[in-house]
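Structure first, then comments.
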Amino acid sequence: MEKDILNKNIDRSWVDNNDQPFIISGPCSAENEKQILDTAQRLKNIQYVRIFRAGIWKPRTKPNNFEGIGQEGLEWMKKVKKKTGMLVATEVANAEHVKLCLSFDIDVLWIGARSTASPFTIQEIANALEGDRDRIVLIKNPIHPDIDLWIGALERLFMKGVRKLGVIHRGFYTYKHSQYRNTPCWDVISKFREMVPDVPIICDPSHICGNKIGLIDIMKKAFHFQYDGLMIESHCDPIHAWSDADQQVTPEHLLDMLQKTINNVEEDPKGSEINLNSLRIFIDEIDENLIFLLSERMHIAKKLGSIKKSSDIDTLQPDRWKSVMDKSMNLGRSLGLSEKFLEGIFQLLHQASINVQNTIRE
């Protein structure tokens, strides 16, 4: 499908007809009727919250964990809609979920990262929604930063007549340790927006951070990149939440965070300043990744030191060092990096590794 067709025919009315910021909020999981109604009533008092969300089915990595309350929770969502006037949203992962949500008149369906990664699952959901131009459908980014897979999910739904589409940036899984539950990869989102600029983007700071500490920072970055809205998990009693307790906040805490971020957003910054700040955010993220990788490298160096000590092997291994340098220089040249630059970095890394291993031997 031509991306221009997707761009020009997306129905953005659900997000464009509202004052900014556009907030989706509610608990990670529906637990009981009181929890749902209490949270919803408190969120209703926040003018920015347009949609109430709650997980009804929870895809878990391993069995025997809480996997959602199921169909009973849809009745509670229906009551939220009646009592508060807010739209209601939940995650779907198959055609049966879609069928049940339609029968309870759930306004917004979102597709999780694991589901987005499976074209078969997306097609099943798209088939179940065929011709539905009223439902808002939001697609979370796939677990790994595969833009084509993400856009492909949008196209599958679009081809079945779904027009009120949007995506949710919830961060990406990376093999390395990080301060985030899911690494933002802001440059990936920038490329996504270049490819399909008309598709609304909602940022999900809760799943990016995995905790409450970094939420405001991610919210500020989302406002900087002019996202169309935010999805933030809120619970009437976060400490006792049945799932993802660490990343949920009370409705009152949410309001406080929104006021702090909204008041700090600059009005109409110059284009050059926007671009400058964007590039700095990209660099900051790379620097953070480098620091975590360096930490892992030093951790492995300590293990090397222990093995060499117990096996009476010399710390310095000239042949190994030459092999590392030759391989690194060849890779650097292929990527257009200066040999002098790379050599300086690897000399520092090598010396730091030697120092750590010598410490183990003392």
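No lab work stands behind these numbers, since they all come straight from the coordinates. Everything numeric here is computed off the predicted structure, so don't read it as measured data. Positions of Cβ are backbone-derived with ideal geometry, glycine not excepted, and every protein chain shown enters the neighbour counts.
Rounded, prolate or oblate: which fits the range 130-169 when a ≥ b ≥ c are the square roots of the eigenvalues of the alpha-carbon gyration tensor, with rounded for a/c under 1.5 and prolate only if a/b beats b/c?
The shape class here is oblate.
Once R0 is set to 35 Å, what does the formula 1/(1 + (r/R0)^6) return for the Cβ-Cβ distance between SER334 and GLN226, expressed as a FRET efficiency to the nearest 0.05?
Rounded to the nearest 0.05, the efficiency is 0.45.
Express the C-alpha Rg of the chain as a ratio against the empirical globular expectation 2.2 N^0.38 Å, rounded to two decimals.
After normalising by residue count via 2.2 N^0.38 Å, the value is 1.16.
List the residues, sorted by chain then number, that are 5 or more residues from PHE22 or on another chain and whose placed amide H is less than 5 Å from its amide H.
Correct list: LEU230.
If I build a Gaussian network model for the chain, linking alpha-carbon pairs within less than 10 angstrom, which residue out of GLN47, GLN123, GLN247 has the largest mean-square fluctuation?
GLN47
Normalise the Cα radius of gyration of the range 76-125 by 2.2 N^0.38 Å (N = residues in it) and let me know the number. Intermediate results must be reported in sequence, preceding the final value.
On the way: Rg = 12.0 Å, N = 50, 2.2 N^0.38 = 9.7 Å.
The range 76-125 yields a ratio of 1.24.
Considering the Cα positions of the range 192-250, please state its Rg to one decimal place and its Dmax as a whole number of Å.
When restricted to Cα atoms, the range 192-250 yields Rg and Dmax of 13.1, 42 Å.
Once you've got the GNM for the chain with C-alpha springs shorter than 10 Å, pick whichever of VAL49, VAL167, VAL324 has the biggest mean-square fluctuation.
Greatest mean-square fluctuation among the candidates belongs to VAL324.
Return the Rg/Rh ratio of the range 271-361 with Cα-based radii and a Kirkwood Rh.
1.12
What does the charge count around ASP284 come to, taking other residues whose C-beta lies under 14 Å from its C-beta (Lys +1, Arg +1, Asp -1, Glu -1)?
-2
Could you pull out every residue, at least 5 positions away or on a different chain, whose amide H is within less than 5 Å of the one on LEU87? Hs are placed 1.01 Å off N in the peptide plane, and Pro or chain starts have none.
Excluding prolines and chain starts, which carry no amide H, the hits are PHE52.
Test of understanding: in a Gaussian network model of the chain with alpha carbons linked when under 10 Å, which of GLU91, GLU72, GLU343 would top the mean-square fluctuation ranking?
GLU343
Taking the Cβ of HIS169 as the centre, find all other residues whose Cβ is under 13 Å away and add up their charges (Lys, Arg: +1; Asp, Glu: -1).
+2
With a sphere of radius 9 Å drawn around the Cβ of LYS81, what net charge do the other residues whose Cβ falls strictly inside it have (Lys, Arg +1; Asp, Glu -1)?
+2
Which whole DSSP H helices in the chain pass both tests: a Cα extent of 15 Å or more along the axis and a mean Kyte-Doolittle value no lower than -0.5?
On the way: long enough: 33-44 (16 Å, -1.09); 72-84 (19 Å, -1.43); 147-159 (18 Å, 1.08); 251-264 (20 Å, -0.65); 271-311 (60 Å, -0.03); 318-334 (24 Å, -1.22); 339-361 (32 Å, -0.07).
Sorted by number, the helices that extend far enough and score high enough are 147-159, 271-311, 339-361.
Give me log10 I(q)/I(0) at q = 0.15, 0.17 Å⁻¹ for the range 79-167, Debye formula, one equal scatterer per alpha-carbon, no solvent.
-0.50, -0.63
For the range 1-153, report the convex hull volume of the alpha-carbon atoms normalised per residue, in Å³, without decimals. Before the final figure, lay out the partial values.
Numbers: hull volume 19.1 nm³, N = 153.
For the range 1-153, the hull spanned by Cα atoms encloses 125 Å³ per residue.
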